[in-house]
Amino acid sequence: MEASKPAPFQFVSRGPISRALEREGTLAFWLLAPTLLILTVFIAYPFVLGVWLSLSNSTVGEPGHFIGLANFYKIFADSIFRTAAYNTFVYTAITTVFKLALGLWLALLLNRHFRGKSWVRAFILLPFIIPTVLSTLAWKWMFDPTFSVFNWLFWKLHIINSRINWLGDPDLAMGSIMIVNVWRGVPFYAISLLAGLQTINPDLHEAAAIDGANRFQRFWYVTWPLLLPVTMVVVLFSVIQTFADFQLVYVLTGGGPANATHLFATYAYQIGIGTGLLSEGAAISLAMFPALLLVVVFQLWYIRKVENR
Amino acid sequence: MMIEGARWRKWLWFYLPLGAFIVALLFPFYWMVVTTVRPDGELYRPWNHPLYSPFWTSHPTFEHVKELLLETLFNTWMLNTMFIALAATLISLACGVIAGYALARLTFRWAGLLGTAIFVTYLVPQTLLFIPLAEIIRDYRIGDTPWALILTYPTFLIPFCTWLMMGYFKTIPKELEECARIDGAARWQAMVYIILPIAVPGILSAGIFAFTLSWNEFIYALVFLSSPEQKTVPVGVTSELIRGDVFFWGSLMAGALIGSIPVAIVYSFFVEHYVAGVTGSVKG
Amino acid sequence: MARFTRRKFLKASGAGLAGILASHQAPVFAQQSTVHWIKWNDFVPASDELLRKTMLPEAMKALGIKINLETVNGNDLQPRVTSAIQSGSGPDVFMLFNNHPHIYSASSVDVSDVAEAVAKAQGGYYNVAKANTMDGKKVLSVPWAVIGAMIAYRKSWFEEVGFSEFPETWEQYHDAGKKLKAKGRPLGQTLGHTFGDAPTFSYPYLWSWGGKEVDEKGKVVLDSKETLESMKFMQSFWKDAFDEGGLAWDDTNNNRAFLSGTISATLNGASIYIESMRKADQYQTEKGAQMKTDILHSPLPKGPKGQFGFHLFQSHMVMRYSKNQKAAKEFLGWIHTPANYEKWFVSQKGYSTPPTAQWEKHKMWDEDPVMAPFKIAGRLGLSPGYAGPPNRKSAEVLTKYIITDMYAKGVQGMAPQEAVKWAAGEVSQIYSGS
């Protein structure tokens, strides 16, 4: 990026502050200080406090005392916690696969030239832009057992005879939540992957085509490897967010029916804030951390492996 | 990319899937709009009722919107959320821009470590921290005030702004600062007067992304705020429009729709910047 | 350097402006003696209107206290309490359900002065009121009302399957339900996590078979032959007779389902009937008559070991963090004076039963025979934690929906012994903790 050469500076005096900030280290310190302050006070400190809470028996209004790992034993013995843990992993895995596949497909479609392309590109990001709970409320209404538009549609198409209990059937509810999550995430994947696609030199495709590669081979051997770095970053972000998801389940089912759709976050909320058992809630929240760490470390390792290929 | 083959192939492989995606992605919004203007009598018809007509209504009404704006605290929530989002965005931009500059342009001993530290904070999502953070909020006496959110939202906005700006700064040639310094500028002056103006598009992208993320936040707002006058739109709509027996679906959808408008407007004016923000974050 | 300072000044004044704007967000409460009262969204909207439009302005005139009434979805009361206690500020008077006052006892103000005055003047509290609000050391909250839970049912539909009177036992109810479901008119019941209709079914159902959480000495006895029998019956009962979507219902779904004619009977407060009267022409039977003429109420059927009920209990707690404790107590005393309370009670049309015995004689109960069963809801009715004393542990079992979940798991396919053992394990954990 070329900028015109700026006019020479006319700085007559340089105060002591300016001089002190000349040193890169000092300047860097001051530039980073506000950030570090906020992150320390509102992330590092609460994290430590959360650990302490989980090792004590505080309940609402009553600060507790240290009880060691008792909370963790309790929650691991709790079958609802185990369900929530299982749900969270499955939920994250399945939605990520679908978001990636559909997002990639959409990105490939958007990578062509067609009339109205910029409009389409702008509109399809809407699910991702609009505050999650608001769009989820619309889905909740669409899934309502008595008034669902999907039921009407399938009924009119003679696919079903009686209603589908989208959010009330324990087996189906998780699936419905996944649908909403995928709906919300596909645009993000699509736009990010599209940007990645656009950095791939079209000459490479032409060269491959000349060498006799068909559509799929071109994709697999040219597009996909070059897209991998962007893909991995997108997946990394998305996995962290999805793993810690709260809003979708809270709005759609509240964790029900009969605790069938709880995730770590919603169960922590129900126990900690709903029932007032703060320490147990903190323990459930913290249980997310090792899993997240593992997932992230694995992904970073994979990214490094891919980059060094 | 060339599309070989007959016209019908183009329809099958391109227009049809693209159309399907567009319908699937935008249908819920259409549904929101229709529900908002649908009168109550029609709204509460079961799906197997003979007169169920989901896709349009012949008697549009604004009663739900009126109810929402006049009989609930929706307007207050909008103001609250706007204020909180703007304040949090400003703070996060201020911190993120200078932090990004420091990490991208200055060499110092702990650059790598601090960069990683900021990344690591992403591993501590809000749903992990909300319980202990609630205690801290109370101890600082900012519970049930907008400051509880204005000071905590930057925790997830700053890392993102920082990376975005890092990526952006890296694309600006170093020569610019060197020229300014040769001309007599102090280091910080080179940053403020030379680099920042050039980085405005990046700052805009980061700002818009931060703004939409602030509107989207839910659990902190849910846990740290309790009075109805303090609530943000997402929390207010989900908690206050369900009264007794009834989910007021008409007003709920009106609230969802109108609550989405500020973000949609900001987004529409700055689509390019938003997209650049998204792509910048994943490339950086 | 001039530019630098100017910029600094702008930043500072901007921050100042923001500060001023922010302080405008501060609650108006600070200005006069104000009491922030939070209660659930009444299922009888007329009562909340009465409060807002008539009674609270009267209170202001009489006491000089402005009452800020906030109503929230019942299921949100508990998270709100935790939030408020956690943030050290919030409503001064909190409505609480059932035995929840025991959970928040550390954050409550002793209201014995208010409660004792009411009890003396109005014939004494029912046992269930005392159990839920007193822990032997102080009075945690002032009893407010009991919401009777009865089965609302469609008279004509039950007649069609041969029941001119409501089924007396569970077996008969099963029989009726099976026939009704075959006609597309199943019974409706929630087994979800909702504060009203779920526990008011699952607990008395358990008790009627002889099952209980603890015995009189506080020993956990949930895992028993009786509980197992109740579970096995429930599993077939559910499949044969109920709308299986009930697993996900909250307290409003059964109302909607009943009023739109998709279920034939459901356990509920009187709100279904009251709503059908409020909009008499909107709710019609399939034959075109007003639905309110086809609705009757009955207590839950008998089980092998008796007939039981669990009625939602409400009380008001004054919070310890409140800066308006005196005003809050004054207000509670005022609203419980017979003249004032009566106004509220009448507007409820029998949906709520007062917590003191004197009101059983009130003439309102004689106006509508359909509502008669609700009159004595306060007198009957046991508390969770039966047969032990109601305390914090039974409150925890209640808020964790363990009993409801036990049946929910069973009807979802878990083996009966497993479901019972699971529930017993959870209850034991709670009762064994400190």
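A few remarks follow.
- Matching residues in segment C:190-244 - criterion: being closer than 26 Å to C:N41 by Cα and either of a type outside the set (S, T, N, Q) or surrounded by fewer than 19 Cβ atoms within 10 Å (Cβ to Cβ) (or both): C:L191, C:G192, C:H193, C:F195, C:G196, C:D197, C:A198, C:P199, C:F201, C:Y203, C:P204
- Enumeration of residues in segment A:141-156 that are assigned to a helix (DSSP H, G or I) and either more than 24 Å from the chain's Cα centre (by Cα) or surrounded by fewer than 24 Cβ atoms within 10 Å (Cβ to Cβ) (or both): A:W141, A:M142, A:V149, A:F150, A:N151, A:W152, A:L153, A:F154, A:W155, A:K156
- Pairs where the first residue, in segment C:140-164, is within 19 Å of C:A119 (Cα to Cα) and the second is of a type in the set (D, E, K, R) and not in a loop (DSSP other than H, G, I, E, B), C-beta under 9 Å, 6+ apart: C:V142/C:K329; C:P143/C:K130; C:W144/C:K39
- Per-region count, segment B:197-240, residues touching a residue at least 24 places away in the same chain (Cβ under 8 Å), more than 24 Å from C:P79 (Cα to Cα) and within 12 Å of chain A (Cβ to nearest Cβ): 9
- Counting residues in segment C:107-125 that are farther than 18 Å from C:V318 by Cβ and not small (G, A, S) gives one or more.
- Qualifying position, being at pLDDT 80 or above, under 30 Å from A:T199 (Cα atoms) and part of a helix (DSSP H, G or I), among B:L204, B:L222: B:L204
- Verdict on C:L50 being surrounded by fewer than 19 Cβ atoms within 10 Å (Cβ to Cβ) and modelled with pLDDT of 85 or more: yes
- When C:T285, C:T356 are checked against the criterion of being in contact with an Asp or Glu (Cβ under 6 Å, 6 or more places away or on another chain) and farther than 30 Å from C:S87 by Cβ, a single residue qualifies: C:T285.
- Residue check for C:T169: at pLDDT below 90 and either buried (at least 19 other Cβ atoms within 10 Å of the Cβ) or in contact with a Gly (Cβ under 8 Å, 6 or more places away or on another chain) (or both): no
- Residues that are in contact with a Gly (Cβ under 8 Å, 6 or more places away or on another chain) and hydroxyl-bearing (S, T, Y), drawn from segment A:168-191: A:Y189
- Residues located in segment A:16-62, provided they are out of contact with any strand residue (DSSP E or B) (no Cβ under 8 Å at 6 or more places or on another chain), not in a helix (DSSP H, G or I) and not charged (D, E, K, R): A:L21, A:N57, A:S58, A:T59, A:V60, A:G61
- Within segment A:165-182, the only residue that satisfies the criterion of being modelled with pLDDT under 85 and surrounded by fewer than 19 Cβ atoms within 10 Å (Cβ to Cβ) is A:D171.
- Just one of the listed residues (C:G413, C:G385) is modelled with pLDDT under 90 and surrounded by fewer than 24 Cβ atoms within 10 Å (Cβ to Cβ), and it is C:G413.
- Output for segment A:106-126, where each listed residue is more than 25 Å from B:R38 (Cα to Cα), facing chain B (nearest Cβ under 7 Å) and not β-branched (V, I, T): A:L106, A:L109, A:N111, A:R112, A:A122
- Restricting the search to helices (runs of 4 or more DSSP H) fully inside segment B:94-162 and requiring at least 3 residues that are more than 17 Å from the chain's Cα centre (by Cα) and under 16 Å from A:L32 (Cα atoms) gives B:111-120.
- Within segment B:1-34, the set of residues being at the interface with another protein chain (Cβ under 9 Å from one of its Cβ atoms) and at pLDDT 85 or above comprises B:P17, B:L18, B:F21, B:I22, B:A24, B:L25, B:L26, B:F27, B:P28, B:F29, B:W31, B:M32.
- Contact map, segment C:80-97: first residue closer than 10 Å to B:D144 by Cα, second residue of a type in the set (F, W, Y) and assigned to a helix (DSSP H, G or I), Cβ cut-off under 8 Å, separation 6 or more or different chains; pairs are C:S83/B:F224; C:S87/B:F224.
- Any hit, segment A:36-45, residues being surrounded by 15 or more Cβ atoms within 10 Å (Cβ to Cβ) and within 30 Å of A:V182 (Cα to Cα): yes
- Some residue of segment A:127-139 being part of a loop (DSSP other than H, G, I, E, B), without any contact (Cβ under 8 Å) to a residue 12 or more places away in the chain and within 14 Å of chain C (Cβ to nearest Cβ): no
- The condition (being in a helix (DSSP H, G or I) and more than 14 Å from chain B (Cβ to nearest Cβ)) is satisfied by just one residue among C:P143, C:P101, C:P79: C:P101.
- In segment B:141-165, residue farthest from A:P46 (Cα to Cα) [restricted to those that are within 14 Å of chain C (Cβ to nearest Cβ) and surrounded by fewer than 24 Cβ atoms within 10 Å (Cβ to Cβ)]: B:T145
- Any chance A:L248 is over 30 Å from C:D243 (Cα atoms) and either surrounded by 15 or more Cβ atoms within 10 Å (Cβ to Cβ) or not β-branched (V, I, T) (or both): no
- In this entry, A:T275 passes the filter for residues that are buried (at least 17 other Cβ atoms within 10 Å of the Cβ) and over 22 Å from A:L167 (Cβ atoms).
- Residue match in segment A:267-278 (condition: polar (S, T, N, Q), touching a residue at least 40 places away in the same chain (Cβ under 8 Å) and out of contact with any Cys (no Cβ under 9 Å at 6 or more places or on another chain)): no
- Meets criteria (outside any strand (DSSP E or B), more than 24 Å from C:M134 (Cα to Cα) and at pLDDT 90 or above) for C:L10: no
The values are calculated or read from the model by the stated rules, or taken from the named source; none is laboratory data. Keep in mind it's a predicted model, so treat the numbers as computed, not measured. Positions of Cβ are generated from backbone atoms using ideal geometry, with glycine treated the same way; all protein chains shown enter the neighbour counts.
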